[in-house]
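Note sheet for the following structure.
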Amino acid sequence: MAHHATATEQETAETAPSIHDEVIGHGNSPAAWTCVLIMTVGCIIAAVGFIMASNLVFWGGGIGIVVIGLIVGWIMKKAGYGVDGSKLQSSGH
């Protein structure tokens, strides 16, 4: 048997907010892209250090650069280059 929704159920389904209505803000900003780019370079260096079995390259080079990427992203966000940042209000981001 088919289930037929009542008028009240149909109205509720039409007016109820969907989880897809919320704007998540996926980080499409210069701060996020810069952070990810720096961290990607750090991960590549860390992978090379891991393969070489070099603690200095792994921790000092790779993981150190990943931490620097996080800091640069945070500083850029505070400077207004993050999602909804003051520097991006008129640029269409």
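Could you tell me whether GLY73 is modelled with pLDDT of 70 or more and within 21 Å of LYS87 (Cα to Cα)? Answer is yes for this residue.
For region 18-55, a residue qualifies if it is modelled with pLDDT under 90 and either of a type in the set (D, E, K, R) or more than 24 Å from the chain's Cα centre (by Cα) (or both), and the qualifying residues are ASP21, GLU22.
The values are calculated or read from the model by the stated rules, or taken from the named source; none is laboratory data. For clarity, every value in this text was computed on a predicted model and none was experimentally measured.
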